[in-house]
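Quick one: this structure, given as structure tokens, is what I'll be asking you about.
The values are calculated or read from the model by the stated rules, or taken from the named source; none is laboratory data. As the structure is a prediction and not an experimental result, all values here were calculated from the model. Quick reminder, even Gly has a Cβ in these numbers, built from the backbone with ideal geometry, and neighbours come from all protein chains shown.
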Amino acid sequence: MAVLVGALRLALVLAVLLPALMSVRAHATNAPIAWSAVAAETGAARDIVTTGSLVAALTFGTPGTVNSVSFGATSADITLSGESGLLSPVSPYAAYSFDPSLFTGWDPAYAALVSGAAYGHGSAMMLSLSGLSVGQSYLVQLLESPWDANWQTSFSDGANSSAALMVFGDLVAAPTISAVTDYVTGVFTATSGRQTIYSNGPYADTLLGAVQLRAIPQPVDEPPALALLGFGLAGLWYLRRQSG
């Protein structure tokens, strides 16, 4: 009997402490991101995801609203570092600027949204998502802008990478633009107040046109955690009964 009582007490302690220990450990790590398949941008507003509720949205093109999502030129919750500069029709790279005819048939605000981009040359850009609530699930959508070079780009949480976006042929003579623009989404559950996403690719340069962050419904608690909690509560009931 003493052995059973001891085991039940241990189970109760674990049921109480394990969630707290898991939370402390989680705060020290970047959350893993589950990436979707890469999709081609169609120019239709429906490309812009509206799942859950908007947290923040940032564009390196022209600010505007697409599919009820408002993208701004700055954001307190989304910041970029490590970029080498911006590519736009008014940049020093004007000879390589975005040809408006590429957006024929596009939603005008969508076209404006991806009419510019941040680029990294020789090193990864780092996208920081801040102000996150631990345990909350989020969806991040990353959109590319057209360019005339093979600047294929993938995004990573430091361990899990998306498939490459902007995969197309070799550099063509400016100002022709040959890219088919893509976007990708990723889902993660925050383990700290900040999440970092890195750009990478097989060539020297990477691109990012726009990004939005959305809070999405919570996943169901994991069955093992619920079972452990239930076992601990049963043990508490048993110990109280024995002491009574």
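Of all residues in region 120-153, which are modelled with pLDDT under 95, surrounded by 22 or more Cβ atoms within 10 Å (Cβ to Cβ) and either among the charged types (D, E, K, R) or closer than 20 Å to residue 72 by Cβ (or both)?
125, 144, 145
Still on this structure, please answer the following. Suppose we filter region 62-85 for residues that are closer than 13 Å to residue 112 by Cα and either at pLDDT 95 or above or not hydroxyl-bearing (Ser, Thr, Tyr) (or both); how many remain? Let's see the steps before the verdict.
First, pick out the residues of region 62-85 that are closer than 13 Å to residue 112 by Cα: 62-66, 70-73.
Applying the additional criterion that residues be either at pLDDT 95 or above or not hydroxyl-bearing (Ser, Thr, Tyr) (or both) yields 63-66, 70-73.
Matching residues across region 62-85 total 8.
Now a separate question. What is the residue count in region 103-123 for residues that are among the charged types (D, E, K, R) and either within 11 Å of residue 209 (Cα to Cα) or assigned to a strand (DSSP E or B) (or both)? Let's see the steps before the verdict.
First pass over region 103-123, keeping only residues among the charged types (D, E, K, R): 107.
With either within 11 Å of residue 209 (Cα to Cα) or assigned to a strand (DSSP E or B) (or both) added as a condition, the list becomes none.
Qualifying residue count, region 103-123: 0.
Moving on. Yes or no: residue 159 modelled with pLDDT of 80 or more and exposed (fewer than 15 other Cβ atoms within 10 Å of the Cβ)?
On the way: modelled with pLDDT of 80 or more: yes; exposed (fewer than 15 other Cβ atoms within 10 Å of the Cβ): yes.
Judged against the criteria, residue 159 is a match.
Tell me, which residue of region 101-119 that is closer than 20 Å to residue 151 by Cα and more than 25 Å from the chain's Cα centre (by Cα) is modelled with the lowest pLDDT? Please lay out each step first, then the result.
Taking region 101-119 as the starting set, the residues that turn out to be closer than 20 Å to residue 151 by Cα are 102-103, 111, 113-119.
Now drop any that are not more than 25 Å from the chain's Cα centre (by Cα), which leaves 102-103.
Values: 102: 68, 103: 77.
Looking at residues that are closer than 20 Å to residue 151 by Cα and more than 25 Å from the chain's Cα centre (by Cα), I get 102.
Condition check: closer than 23 Å to residue 116 by Cβ and at pLDDT 85 or above. Does residue 214 satisfy that? Spell out how you get there, then give the answer.
Numbers: closer than 23 Å to residue 116 by Cβ: yes; at pLDDT 85 or above: yes.
When the stated conditions are applied, residue 214 passes them.
Tell me, please, whether a residue that is closer than 20 Å to residue 213 by Cα, modelled with pLDDT under 95 and not in a strand (DSSP E or B) can be found in region 51-61.
Among the residues of region 51-61, at least one is closer than 20 Å to residue 213 by Cα, modelled with pLDDT under 95 and not in a strand (DSSP E or B), which makes the answer yes.
Specify which of the listed residues (244, 232) is at pLDDT below 95 and crowded, with 17+ Cβ neighbours inside 10 Å. It would help to see each step written out before you state the result.
Values: 244 fails: crowded, with 17+ Cβ neighbours inside 10 Å.
None of the others qualify; the one that does is 232.
State whether one or more residues within region 86-93 are at pLDDT below 85 and in contact with a helix residue (DSSP H, G or I) (Cβ under 8 Å, 6 or more places away or on another chain). Give the derivation first.
First, the residues of region 86-93 that are at pLDDT below 85: 86-93.
Keeping just the survivors that are in contact with a helix residue (DSSP H, G or I) (Cβ under 8 Å, 6 or more places away or on another chain) gives 87.
Yes, region 86-93 contains a residue that is at pLDDT below 85 and in contact with a helix residue (DSSP H, G or I) (Cβ under 8 Å, 6 or more places away or on another chain).
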